[in-house]
1. Region 531-677: Rg/Rh from Cα coordinates, Kirkwood Rh?
2. From the backbone phi of region 471-480, what are the Karplus-calculated ³J(HN,Hα) couplings (6.51 cos²θ - 1.76 cosθ + 1.60, θ = phi - 60°) in whole Hz, Gly and Pro given as x?
3. Would you list Glu322, Glu38, Glu178 from fewest to most Cβ contacts within 10 Å?
4. Placing one identical point scatterer on every Cα of the chain and ignoring solvent, what is log10 I(q)/I(0) from the Debye formula at q = 0.08 Å⁻¹?
5. Report the extension gain between Glu601 and Glu208 in nm, rounded to one decimal, defined as 0.36 nm multiplied by the number of residues separating them, less their alpha carbon distance.
6. If you restrict to DSSP beta bridges whose two residues both lie in region 14-349, what percentage is antiparallel, to the nearest 5?
7. Return the FRET efficiency for the residue pair Glu282, Asp540: r is the Cβ-Cβ distance, R0 is 22 Å, and the value is rounded to the nearest 0.05.
8. Along Cα→Cβ, 7 Å out, is where each label goes; now give me the distance between the ones at Val475 and Phe18 in nm to one decimal.
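Just so you know, all these numbers are worked out from the coordinates, no wet-lab data involved. Quick caveat: nothing in here was measured; it's all calculated off a predicted structure. All Cβ positions, glycine included, derive from the backbone under ideal geometry; neighbour counts span all protein chains shown.
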Amino acid sequence: MTKHNKYPNLFSPLDLGFTSIKNRVLMGSMHTGLEEAENGFPRLAAYFAERARGGVGMMITGGISPNMEGGFGAKLSTPEEAEDHKLVTKAVHDVDPDIKICMQILHAGPLAGTPSCVAPSAIPSRISRIVPLGLDEAGVQKQIDDHVQCAKMAQLAGYDGVEIIGSAGYLLSTFLVEKTNQRKDKWGGSYENRMRFPLEIMRRCRAEVGDKFILIFRIAAMDMLQGGMSWDEVVLLGKEMEKAGATIISTHFTWHESTVPTIATMVPRAAFAGVTGRLRKEIKIPTITSNRINMPDVAEQVLVDGHADIVSMARPMLADAELVNKAFEGREDEINTCIACNQACLDHTFTGKSVSCLVNPRAAHETLLNYTTVAKAKRIAVVGAGPAGMAYATVAAERGHKVTLYDGASEIGGQFNLAKKVPGKEEFYETLRYYKRMLEIYRVDVRLNTMVSASDLHKAKYDHVAVATGITPRVPDIQGIDHASVVSYIDVIRGNCEVGQRVAVMGAGGIGFDVSELIMHSGVSAALDKDVFAKEWGIDFENHPRGGVTGVQPEINKADRQVYLLQRKSTPVGRGLGKTTGWTHRISLAQRGVKMINGLEYQKIDDKGLHVTNNGIPDIIEVDTVVVCAGQLSNRSLYDEVVALGADASLIGGAFEAAELDAKAAINQASYLAAEV
């Protein structure tokens, strides 16, 4: 295996003095839920070992609390708890002793979500209903002692270091910001006092673990808070952390209560790396940058530009455990790229579900879902080349089956071909590129522009038929639904119809939001242009006011039309969207002037517009275009026909369940079924 010369910086070692990191790729911290699961550590060990085999130079675990009040999940404070962690460190070091694995110490502070949660002052987070307990002097000392004990136990467990998180609205960061630290003693008041707490933790940890243990401090380099940390404060903290014994500074770019997206797919790639680059010039120890760095060429450019010494690619390692090896070998077109959807990772984390990945269901399920080679190959037909069909075909073929994939369209992708056209969702092009390459590698016989019947499949005598024929948009049964002003969301997204100046979007699910975003968009997509992104979300990268956002007004490019996003349910519009990204879509549409109305009943459509009742009161929404996004129906007739003819068949994806267009569920279901066929 020869080093691929396209990424000389990415694959250069980093000397830390007492040790070195074999390359510049870090798998950043992600909580999986396995940390708390019964018998979760053997699964966690398999998860990390697979990424170690994938070639990463260093990795950081999900957050582990130093004490009970610090979090709702896993804790490390005793030798007995360290025994579980030894499974993880041994699994990684057995793969390659040179790979560094560090444990993240995460004290959630006011975000712990328990009645015993603590903070410097009794001030609740904007996103928590619980008022934390303000720490007294003895309480402050206990938290410091517990961090030191946690670091000591991590060392005992075989970790190469720890990352102490001082960002995101967790405990350490709440000491740093004046609005959450209103203390009058030596731990509050001046900034020098406010940063005393995290610095004391770093000093005490260094004294406990010695000189040959990696200590990373995660700093909020731009916290995205009105009145947040100033640039001078960030720099001072970085310099003082270096003096206190930090080996590496890792940059973070938000608090959870910030109203600026930093990790969603609408964020440009490596948008925040330049902030790390500025800090890197101020300190002597190495820096880590992160956020929306999902391909090797992006990571290499970050290093070339001098923005960091190490590049964190966290969620990309969920999407493809082999990302680093593929980059090393020049197989970039085989990388299953993270699309930053957050649907199976962060959304699951913050709703208490086990983490996985929309484009890779094996993530964190390595002991449960494996694509073993079959003893005897079957001839399998897959009908429908949308997300479910592509996943089923590639997994079945990877296992050794002979697979034929049929689709009536001229290209693979199904609904992904609509999603990729929505501003902010351009990463779906990468997913389609990946599947196209997998179909080639595993020699799937792809037959596009081909409508296949049950009779055709019966005559071909396939051993198994997987029906992934997707959905048909549901047409509401209301008077005037055939009016000239009514159009389908499919035609709108494809650009096959005219859209007027006043538009009603019937249905406020994910599709309704996408359509509204598309028709209200003007100019370059923010996801493709850092400057546009900064203007739209009120970020000043150049002058770095407090938090990066204080006093900055968003500047929105929007189309000259009025859009009404309508919902029958009385719940808030958009509540069903993803927990970690739904708010970004709601804010984006609100900034573009979209009026979101709930609790409607549709009555009829005519030349005057859309007639509704709102809380029982008749009203007319005067529009010249009505876009129907009113759900969908399963296309399962082919499945019923092939079963009637005696075929061994499975029904997958939207054809199986069409309540919502759910690529996560479709790919997951298809992968598990194809792993068993």
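1. Result for region 531-677 is an Rg/Rh of 1.12.
2. 10, 10, x, 6, 9, x, 8, 10, 4, x
3. Neighbour counts put them in this order, fewest first: Glu38, Glu178, Glu322.
4. -0.65
5. On the way: separation 393, 0.36 × 393 = 141.48 nm, distance 6.55 nm.
The Glu601-Glu208 span can extend by a further 134.9 nm.
6. 5
7. 0.75
8. 7.2
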